[in-house]
Amino acid sequence: MVLELTLPLDDKGKVEDLVFTILSKEYPLRIVDLMNHIRKRYGKSVTFQAVRKAVLNLERKDVVIEKEHRYSLNKEWVRRSKEVLDNLYNELNTGKMKAKGMESIKGEVSVFTFNSLNELMKFWQNMIDDWFKKFDTQKDYGVNCYQAAHGWEGLLHPDIEKTIMHQLKNKGIKSFTLTTGNTPLDRQIANFYTKIGIKMRVIPSNSSFDKSYYVGTYGDLVVQTQYPVEIVKALDSFFKKTKSLSDVDLVELSNIVNRRMEMKLTVIKDLAMAKQINKSILSQA
């Protein structure tokens with residue numbers, strides 16, 4: 001039974017994992033749609049046949065259902081899975097793992113839980129700062145790519161962002177940021193990053209996945225999260241109604257990103273994966 005899936009973490013069933021993850025956010029989709037999503041969002045080269053095989057395996061397990069050649073997760077399977085997890089949760093009496101710092105990252109994959117988006121982002125920024133300090137220009141892979149729907153952190157934490165970007169330049173790290181939001185405010189934020197030396201491009205997307213998915217690569221680290229629907233809607237509304245930097249209501253923005261809501265951040269130490277994601281993002285530069 002598939003319980004929780006994000007990015008592919010091993011060689012077994014990785015395409016199935018990606019198909020499951022995508023269908024948990026967008027549906028129904030054709031096999032060709034799934035193939036294109038995997039190539040674009042995860043930078044993974046897959047064939048139509050490989051995706052078809054993964055979809056049919058999930059269908060055979062009763063995880064997905066097909067209607068008119070389009071696939072969705074099976075709601076009955078989800079209901080049964082929820083029952084299993086609810087029973088397990090009631091039997092367990094352990095606290096949530098809280099992120100403390102870079103030293104919390106153990107092994108190839110680490111998942112951290114936070115109580116708000118701002119709490120998550122502060123940890124993300126601290127982790128980047130720690131990566132810079134340990135970066136060896138002679139040995140380490142010096143490429144950083146970032147994809148986001150809105151660069152809101154540049155509004156609330158401009159000093160931190162400016163410091164981070166200066167470190168990029170000082171270390172000679174090649175950096176590129178892609179934002180899928182296309183409001184006047186998104187474009188002005190892009191100008192802000194350009195002025196402090198970071199190449200940033202606005203590539204509009206109406207995909208619900210692109211609006212919620214935030215990913216960054218730092219050498220051999222891949223850091224990714226998916227915003228809850230409530231946060232996505234609130235940020236979209238905020239960016240659409242704010243026409244210029246001078247109109248930004250920092251109190252309103254702060255209320256949005258500090259809203260009490262559980263969020264997870266996944267950190268994966270995998271150079272090959274980081275390079276594939278970089279390739280996908282840079283192809284749109």
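What follows draws every value from the coordinates through simple rules; no lab data is involved. Bear in mind the structure is a predicted one, so any value in this text is a computation, not a measurement. Every residue, glycine as well, gets a Cβ built from its backbone with ideal geometry; the counts of neighbours run over all protein chains shown.
Numbers at a glance
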quantity: Evaluated at q = 0.09, 0.21, 0.23, 0.24 Å⁻¹: base-10 log I(q)/I(0), Debye formula over Cα of region 122-230; calculated: -0.22, -1.21, -1.42, -1.51
quantity: Residue-span extension gain [Asp129 to Leu282] - 0.36 nm each, minus C-alpha spacing; calculated: 52.8 nm
quantity: Dipole in debye (nearest 20) - the chain, about Cα centre, beta carbon charges: Lys, Arg +1; Asp, Glu -1; calculated: 680
quantity: Across Lys139/Lys169; Lys40/Lys174; Lys133/Lys162; Lys67/Lys211; Lys53/Lys211, pairs whose alpha-carbon gap is larger than 19 Å; calculated: Lys40/Lys174; Lys67/Lys211; Lys53/Lys211
quantity: Pairwise label distance in nanometres, Glu68 with Gln138, each label 7 Å out on the Cα-Cβ vector; calculated: 6.3
quantity: FRET E, pair Lys241, Thr113, Förster distance 41 Å, beta-carbon r, rounded to 0.05; calculated: 0.85
quantity: Residue with peak Gaussian network fluctuation, the chain [Cα springs, cutoff 10 Å], from Ser207, Ser116, Ser246; calculated: Ser246
quantity: Rough spin-label spacing in nm, given labels placed 7 Å along Cα→Cβ, for Lys61 and Lys195; calculated: 5.1
quantity: The chain - share of DSSP beta bridges that are antiparallel (%, nearest 5); calculated: 70
quantity: Square roots of five times the Cα gyration tensor eigenvalues for region 14-91, Å; calculated: 24, 14, 10
quantity: Helical mean residue ellipticity (222 nm; -39500 (n - 2.57) per DSSP H run of 4+; nearest 500) of the chain; calculated: -15000 deg cm²/dmol
quantity: P(r) weight above 23 Å for the chain, C-alpha pairs, percent; calculated: 58
quantity: Taking the C-alpha atoms of region 197-281, convex hull volume expressed per residue in Å³; calculated: 132
quantity: Kyte-Doolittle mean at least 0.5, axial Cα span of 15 Å or more - DSSP H helices of the chain; calculated: 271-282
quantity: Test item: Cα-centred dipole of region 14-91, Lys/Arg +1 and Asp/Glu -1 on Cβ, debye; calculated: 420
quantity: Extended-chain gain in nm, criterion 0.36 nm per residue less alpha-carbon gap, Ala50 and Val78; calculated: 7.7 nm
